[in-house]
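Following: one structure in structure tokens, then a few remarks.
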Amino acid sequence: MSLPILIAVVIVLLYLLNSIKILNEYERAVAFTLGRVSAQPMGPGVIFVFAPFQRIVRVSLRQEAMEVPAQDIITRDNVTLKVNAVITLRVVDPVRAVIEVTNYIYQTSQFAQTTLRSVLGEVELDELLAHRDRLNQRIQTIIDGHTAPFGLKVVSVEVKQVDLPESMLRAMAKQAEAERERRSKIIHAEGEFNAAQKLVDAAALLATQPMTLQLRYLQTLTEIGVEKNTTIVFPLPIEFMTMLNKLSGSIPTPPSP
């Protein structure tokens with residue numbers, strides 16, 4: 001074999017070796033042949049790219065987390081706050097993701113910022129704090145509608161952090177304190193009412209059998225005696241005092257000399 005032929009064979013071998021590309025399982029290659037895009041992406045595995053007639057753009061199919069920068073938002077009840085979010089997205093159509101937009105990550109970020117401001121600006125602060133899941137779903141639906149034409153799927157949107165002004169934090173703390181005090185008073189009043197109701201029921205039960213009141217007095221004396229007290233206060237029934245007053249009023253007073 002002559003030297004020129006050997007050199008040509010070596011050049012062809014080197015060209016073929018250089019044309020071999022390996023794509024991972026999560027990668028696809030959008031191939032352009034003489035500037036025309038292929039209908040189907042290439043990969044995964046071993047592919048051949050014959051430069052300079054062909055070139056490829058690698059696209060990852062894995063989910064990507066993108067943080068939306070903090071946005072200044074004025075809610076419907078005129079509260080100014082800063083809100084940021086995290087968006088999880090993935091490429092479902094590599095060909096459209098390459099040929100429809102210049103940078104699908106940047107474009108999705110811009111859509112997310114404007115959508116975050118518009119959606120959260122339509123709700124009140126209490127709704128933002130209490131119904132965050134519903135707002136996340138609404139934001140996801142809107143962003144997904146914008147990104148679907150260029151082959152992206154928004155998997156989830158989560159409002160990450162809500163920064164409230166200091167004055168609003170103090171007002172919310174006072175409101176929470178007042179609410180807890182109100183609940184404490186209601187619980188205390190309910191306890192007093194239940195105790196009074198039980199006393200009324202006990203008095204009505206004791207009134208049916210007068211002897212039970214005497215037994216209750218004796219039980220009280222027994223409980224006092226257990227404590228080894230030196231002084232015992234024995235309560236007299238009101239009926240007994242009334243009877244003594246009647247007896248004293250019925251005894252005639254002797255005339256004075």
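The values are calculated or read from the model by the stated rules, or taken from the named source; none is laboratory data. None of these values were measured; they are calculated from a predicted model. All Cβ positions, even for glycine, are placed from backbone atoms using ideal geometry, and neighbour counts span all protein chains on display.
A few comments on the model shown:
- Pairs linking a residue in the stretch 143-165 that is free of Cβ contacts under 8 Å to residues at least 24 places away in the same chain to a residue that is in a strand (DSSP E or B) and among the aliphatic types (A, V, I, L, M), with Cβ atoms under 6 Å and 6 or more positions apart or on different chains, are Asp144/Val154.
- Scanning the stretch 78-96 for residues that are part of a loop (DSSP other than H, G, I, E, B) and either touching a helix residue (DSSP H, G or I) at 6+ places or on another chain (Cβ under 6 Å) or free of Cβ contacts under 8 Å to residues at least 12 places away in the same chain (or both) turns up Asn78, Val79.
- Among the candidates Val68, Val91, Val83, the residue that is farther than 21 Å from Phe150 by Cβ and not assigned by TED's automatic domain parsing to the domain that holds Val12 is uniquely Val83.
- Boolean, Lys153 is in the same structural domain as Asn84 (by TED's automatic domain parsing), of a type in the set (Lys, Arg) and under 20 Å from the mean Cα position of the chain (by Cα): no
- Among the conditions (1) closer than 28 Å to Gln40 by Cβ; (2) surrounded by 18 or more Cβ atoms within 10 Å (Cβ to Cβ); (3) touching a strand residue (DSSP E or B) at 6+ places or on another chain (Cβ under 6 Å), Arg55 misses just one, which is (2).
- Note on the stretch 133-158: residues that are in contact with a Lys or Arg (Cβ under 8 Å, 6 or more places away or on another chain) and assigned to a helix (DSSP H, G or I) amount to 4.
- Count of the stretch 1-32 residues which are surrounded by 10 or more Cβ atoms within 10 Å (Cβ to Cβ), outside any helix (DSSP H, G or I) and not acidic (Asp, Glu): 11
- The single residue among Asp144, Asp126 that is in the same structural domain as Ile73 (by TED's automatic domain parsing) and at pLDDT below 90 turns out to be Asp126.
- Picking from residues in the stretch 110-132 that are assigned to a helix (DSSP H, G or I) and touching an Asp or Glu at 6+ places or on another chain (Cβ under 9 Å), the one that is surrounded by the most Cβ atoms within 10 Å (Cβ to Cβ) is Leu125.
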